Amino acid sequence: MPHLLAITGSPSAHSRTAVVADHVLRRLSHSGFETAHLSVRELPAADLLAARRGEPEIRRALEAVAEADGLVIATPVYKASYTGLLKAFLDLLPQDGLDGKTVLPLATGGSLAHVLTIDYALRPVLAALGARHVTAGRFVLDSSVERGSGPDRLRPEAELDLYQAVDEFAAALRSAPTPVPAPTPVSVPGPTSAPAAALTATP
């Protein structure tokens, strides 16, 4: 069963981006995928900014990315780009850190003026990291995330549009070629030495 990881790069404790990512993960979970959510803001800030890849929480986060078959990368838009928090984490990945993976990019923001952030800021970075397939992303307006006394939810029209992108992402994952394991080296036995007894001269 494919394993999917959502990575959210919002520094906010009450992140609309995280709400959107959780909606995506529920949809994928109902479709039979194993899912997990990594909020970059919960990683130790000093280790993240100093690129201490060997520290336990940073190491586990990088291992989670390596083990995932597909990734949902979600960020709010700050200054017409993805957040510095997300950038700090992506910088920890090796150059081919997304090699062979299918990725769904998502962004949230207060204005449709930022809708091109996915294609002009986020998508090139994902491609540079070796993503096999970056599917069509979605920009979700902050105003589409409704908050109240109950669970946070998306307005119906935004949810419908988001789920279309999620279903396309799921279809791309299912059609992804299965990695072919490297062949096991075959050892060719060398000449067999004769037993010591056979080397004893016959009287």
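The values are calculated or read from the model by the stated rules, or taken from the named source; none is laboratory data. Everything numeric here is computed off the predicted structure, so don't read it as measured data. Reconstructed Cβ throughout: ideal geometry from the backbone, glycine too, with neighbour counts over all protein chains shown. Heads up: the accessible areas ignore ligands, DNA and RNA and are worked out on the full protein's heavy atoms, side chains in. Shrake-Rupley method; radii C 1.70, N 1.55, O 1.52, S 1.80 Å.
Looking only at segment 91-116, filter to residues that are modelled with pLDDT of 95 or more and among the hydroxyl-bearing types (Ser, Thr, Tyr); which one of those is farthest from the chain's Cα centre (by Cα)? Residue satisfying both the conditions and the ranking: 108. For segment 89-101, the set of residues classified as within 25 Å of residue 47 (Cβ to Cβ) and part of a loop (DSSP other than H, G, I, E, B) consists of 91, 92, 93, 94, 95, 96, 97, 98, 101, listed by residue number. Within segment 76-116, can you find the residues that are aromatic (Phe, Trp, Tyr) and touching a residue at least 60 places away in the same chain (Cβ under 8 Å)? Matches in segment 76-116: 82, 89.
Can you tell me how many residues within segment 8-25 are open to solvent by 30 Å² or more (accessible area, probe 1.4 Å), assigned to a loop (DSSP other than H, G, I, E, B) and in contact (Cβ under 8 Å) with a residue 24 or more places away in the chain? Residues in segment 8-25 being open to solvent by 30 Å² or more (accessible area, probe 1.4 Å), assigned to a loop (DSSP other than H, G, I, E, B) and in contact (Cβ under 8 Å) with a residue 24 or more places away in the chain: 3 in total.
When 86, 48, 104, 28 are checked against the criterion of being in a strand (DSSP E or B) and either among the aliphatic types (A, V, I, L, M) or touching a strand residue (DSSP E or B) at 6+ places or on another chain (Cβ under 8 Å) (or both), 104 stands alone in meeting it.
Apart from one condition, residue 84 fits all of (1) within 19 Å of residue 154 (Cα to Cα); (2) small (Gly, Ala, Ser); (3) more than 16 Å from the chain's Cα centre (by Cα); the exception is (1).
Within segment 126-148, residues that are under 19 Å from residue 82 (Cβ atoms) and among the aromatic types (Phe, Trp, Tyr) sit with their Cβ atoms under 8 Å from residues that are part of a strand (DSSP E or B) and at pLDDT 95 or above, at 6+ positions apart or across chains, in these pairs: 139/106; 139/107; 139/108; 139/109. Residues in segment 51-83 that are touching a strand residue (DSSP E or B) at 6+ places or on another chain (Cβ under 8 Å), open to solvent by 60 Å² or more (accessible area, probe 1.4 Å) and more than 19 Å from residue 127 (Cβ to Cβ): 67 alone.
Go through segment 32-50 and count every residue that is crowded, with 16+ Cβ neighbours inside 10 Å and either at positive phi or not hydrophobic (A, V, I, L, M, F, W, C) (or both).
Qualifying residue count for the region: 5.
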